[in-house]
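What follows is one structure encoded as structure tokens, with my remarks underneath.
The values are calculated or read from the model by the stated rules, or taken from the named source; none is laboratory data. Source: prediction; values computed, not measured. FYI the Cβ positions are ideal-geometry reconstructions off the backbone, even for glycines, and counts take in every protein chain you see. For the accessible areas, the whole protein counts, side chains as well, though only heavy atoms, and no ligand, DNA or RNA atoms are used. Shrake-Rupley method; radii C 1.70, N 1.55, O 1.52, S 1.80 Å.
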Amino acid sequence: MGIWDYSIFWKETLNQLKNELSEQEYAMWFNMEYEVSGELSIVVSVPSGFYRDQVKQRYQSRIESKLLELSGQHITVEFEIKQRIKQESTSSSTNSENHSEKAEDIKASKTVAKASHFPEQKERGNHPQLREDYTFENFVIGENNSFAANAAMAIAKNPGTAYNPCLIYGGVGLGKTHLMQAIGRLAWKEKGCKIIYITAENFTNEFVESIKNNKTTDFKNKYRNADMLLIDDIHFLQKKIETQEELFHTFNALYDAKKQIIFTCDRPVSELKNLSERLRSRFERGLNVDLQPPSYETRCAILSKKTELRGINIPSEVLNLIAKNVSSNVRDLEASLTKLIAYSELTKKTVTLEIAQQQLRDVFGAPKQNNVTIETIQKVVADYFSLSYTDLKSKKRTKAVSFPRQLAMYIAREITEYSTTELGMEFGGRDHSTIMHGCQKIEERLKAEPSLETTLQKLNKMIKDFNS
Ligand code: ADP
Ligand code: MG
């Protein structure tokens with residue numbers, strides 16, 4: 001035992017937090033082990049860089065104030081990654097990742113001795129189907145995706161158990177593929193799981209090809225032998241009856257063998273059309289989580305992460321400008337950044353606010369329709385029918401209000417990426433089925449009254465103009 005030993009305070013801190021947090025939250029984040037105490041500090045080990053970043057952000061100050069309360073001293077907590085402690089002990093690795101924290105200085109033999117029982121992690125190179133940069137470390141967590149990201153982490157750590165299958169849904173460019181591959185990569189790296197990642201489109205193509213070449217047995221074997229099957233963009237399977245049938249059987253085989261299955265989809269399963277009922281019920285089984293568009297703060301954080309990853313220095317005011325102007329999805333956010341980086345590399349100039357404004361004029365100036373907010377739609381539609389914006393969100397059910405409301409729902413569904421659940425919230429806390437019902441009503445009326453189409457076009461134009 002060294003001169004300092006704060007383990008008793010650490011234990012009590014955990015005890016208290018365990019009582020204060022929900023069981024799920026505690027189990028999710030307090031996968032930490034006390035390692036050693038230094039002068040007014042405690043070193044705690046965590047499983048990964050992702051964990052460390054998250055835990056620091058979420059709990060460090062709370063933990064430290066508890067330690068202060070309990071001990072009367074300002075004890076700081078330092079989080080170390082288990083893997084790295086191990087590497088230090090064997091000093092065989094040149095860890096190039098920038099994980100250096102203060103705790104690096106602490107070479108207490110106790111830490112090393114204790115760490116040596118951590119399981120050996122095999123070094124794995126590239127996975128043929130997974131993108132190297134789609135990792136948890138590179139995935140920025142915000143309000144919009146924290147539930148999904150936590151669930152994803154839990155699945156990666158314990159595949160095939162609680163959250164099986166898992167469906168991640170949300171609009172384009174919100175990180176579905178990234179998150180899905182992060183799960184696969186971690187399970188592959190840490191547990192050596194056999195991962196198959198494929199888009200629903202390629203799954204379909206391969207299946208068709210296997211029929212053509214009389215190789216359906218090979219096809220079946222391939223997919224049924226996976227430890228984890230990741231199928232991206234299952235909305236593509238709509239109308240593909242035979243592929244659906246095949247996937248249904250693959251699903252059952254894997255599920256029965258307790259293998260993890262993960263899907264992504266651009267909308268909730270309830271909104272998929274032309275899908276067999278039995279496959280639908282399989283998708284809906286297990287856990288369904290959604291990704292929503294990021295807030296301004298999260299967009300800034302994502303941009304700063306992306307510049308860091310590319311090793312490029314872009315002034316934060318420029319990043320803020322992009323975050324302010326590009327709100328639709330992360331893919332567009334990244335595209336703006338790429339454009340600026342390309343410009344700066346070509347011209348060898350640093351990107352100033354002025355240059356950014358000039359270079360991104362097209363992107364900012366002509367907002368895509370999916371930049372439209374629900375509020376804009378509601379305001380324009382309310383105005384058009386001489387109603388107030390609050391009427392549209394109210395519970396009033398008179399005809400004068402309910403038709404424009406349904407129209408606004410319909411337009412929102414058509415031109416934004418929001419799910420019906422989110423739209424429900426925006427329309428006075430209604431259920432997603434109300435939105436679906438509203439859209440259906442408008443579709444029916446559109447068939448019966450061609451003039452409604454003209455009204456719709458007018459409204460769409462007004463919404464577009466409202467934004468520019
Ligand atoms: P989707 O599959 O939902 O269309 P992707 O997973 O392809 O979206 O994400 C689009 C891009 O945005 C990718 O480059 C991805 O790395 C990035 N991205 C999305 N969400 C995040 C996030 N929370 N943090 C960091 N990058 C993100
Ligand atoms: Mg995708």
Nearest-10 value in Å² for the accessible area of residue 350, using the 1.4 Å probe: 110 Å²
Order of exposure, largest accessible area first, which applies to 228, 425, 32 with probe 1.4 Å: 425, 32, 228
Nitroxide proxy distance, nm - points 7 Å out along Cα→Cβ at residue 239 and residue 22: 4.0 nm
Apportionment of accessible area to carbon and sulfur, the chain, percent (1.4 Å): 49 percent
Rounded to 5, percent antiparallel among DSSP beta bridges of the chain: 20 percent
Normalised contact order of segment 134-279, rounded percent, pairs of Cα under 8 Å and 6 or more residues apart: 30 percent
Degrees between helix 241-256 axis and first principal axis of the chain (Cα, 0 to 90, nearest 10): 30 degrees
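Compute the accessible area per residue over the chain, keeping the other protein chains in place, probe 1.4 Å, unit Å².
Roughly 50 Å² per residue, with all protein chains present.
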Relative contact order, percent, the chain [alpha-carbon distance under 8 Å, six or more residues apart]: 11 percent
3J(HN,Hα) from dihedral phi, segment 375-392, Karplus parametrisation 6.51/-1.76/1.60, rounded to Hz, x for glycine, proline: 4, 4, 4, 5, 5, 5, 5, 4, 4, 4, 9, 6, 10, 9, 4, 5, 4, 5
Computed E for residue 56/residue 221 - FRET, C-beta separation, R0 41 angstrom, nearest 0.05: 0.35
Within segment 223-250, backbone nitrogen closer than 18 Å to the virtual label 7 Å beyond the Cα of residue 281 toward Cβ: 244-250
Degrees between helix 49-71 axis and first principal axis of the chain (Cα, 0 to 90, nearest 10): 60 degrees
Solvent-accessible surface ranking, highest first, for 216, 390, 420 at 1.4 angstrom: 390, 216, 420
Solvent-accessible surface (1.4 angstrom probe) belonging to residue 212, in square angstrom, nearest 10: 140 Å²
Most to least accessible of 235, 437 (protein chains only, probe 1.4 Å): 437, 235
Heavy atoms of residue 331 accessible to a 1.4 Å probe, total area in Å² rounded to 10: 150 Å²
Sequence-distant lysines (8 or more away, or on other chains) whose Cα lies within less than 29 Å of residue 441: 239, 240, 273, 368, 379, 393, 395, 396, 399, 458, 461, 464
Alpha-carbon centroid distance for the pair segment 446-466 / segment 403-423, whole angstrom: 14 Å
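Considering Cα pairs under 8 angstrom that are at least six residues apart, work out the relative contact order of segment 374-467 and quote it in whole percent.
Relative contact order comes out at 30 percent.
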Efficiency of FRET between residue 383 and residue 267 - r from beta-carbon atoms, R0 25 angstrom, step 0.05: 0.30
Residue 350/residue 68 FRET efficiency (R0 41 Å; Cβ-Cβ; nearest 0.05): 0.45
Built amide H within the under 5 Å cut-off of residue 290, gap 5+: 169
